[in-house]
Amino acid sequence: MLEQVALIASTAEAGTEATEEALDILVRAHTRLVFQISYSVLRNHHDAEDATQETFLRVMRYRRQLNDVRDIRAWLARIAWRVAAEHRRSAPLRDDAGLEASLEQLRSQAAGAEQVAIGAQMLELTERLIARLPSDLRDPLILSTIEDMTSGEIAAVLEIPEASVRTRIYRARRLLKEKLTSLLEGKAL
């Protein structure tokens with residue numbers, strides 16, 4: 001990977017065909033990562049595709065900075081996260097009216113705990129609860145659990161100390177567990 005960055009950085013000044021080839025290698029190597037981050041923020045396939053394209057347009061725009069990049073994956077993840085967050089802020093808020101319907105359906109099934117945990121409805125409920133977490137807790141949780149990023153990588157993406165990342169993930173998981181337990185026991189949020 002470092003060879004790819006070096007190739008892009010060395011040809012960035014020239015504006016040659018080699019630059020395009022090096023950028024193409026970078027895009028092919030990291031499209032999945034960028035899309036997954038975008039999707040985890042936006043929760044919409046088409047919006048995530050748009051954010052992925054915007055991310056790589058920004059990479060092309062700032063390719064001269066590649067000389068200074070030590071961790072290309074974290075750098076791309078940070079750009080992808082920012083682009084997706086911008087898209088999320090500009091998009092209309094989604095209606096959570098279906099949350100109550102999903103909850104009632106879960107309660108009415110009278111299924112065992114194991115069956116509920118593996119059901120699609122439980123997944124939907126969990127995703128909705130995650131979406132309702134404050135962004136300072138939600139963002140590190142998503143990057144950690146869905147994107148399988150390390151604390152250091154998350155700290156680089158969100159530009160916060162690594163200790164804060166671990167604390168926020170712990171608090172998010174605890175809050176999510178409390179909300180989920182409360183809902184499944186029939187208590188109000």
Could you please give the count of residues in the stretch 147-166 that are exposed (fewer than 15 other Cβ atoms within 10 Å of the Cβ) and of a type in the set (V, I, T)?
1
Condition first: farther than 17 Å from L33 by Cα, outside any loop (DSSP other than H, G, I, E, B) and touching a residue at least 24 places away in the same chain (Cβ under 8 Å). Now tell me which residues in the stretch 61-85 satisfy that.
R63, R64, L66, N67
Can you name the residue in the stretch 144-189 that is aliphatic (A, V, I, L, M) and not in a helix (DSSP H, G or I) and is also farthest from the chain's Cα centre (by Cα) among such residues?
A188
Within the stretch 156-189, tally of residues that are small (G, A, S), modelled with pLDDT of 90 or more and either within 23 Å of A84 (Cα to Cα) or in the same structural domain as R73 (by TED's automatic domain parsing) (or both)
2
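The values are calculated or read from the model by the stated rules, or taken from the named source; none is laboratory data. Just so it is clear, the model here is predicted, and its values are computed rather than measured. With ideal geometry, Cβ positions are generated from the backbone for all residues, glycine too; neighbour counts draw on all protein chains shown.
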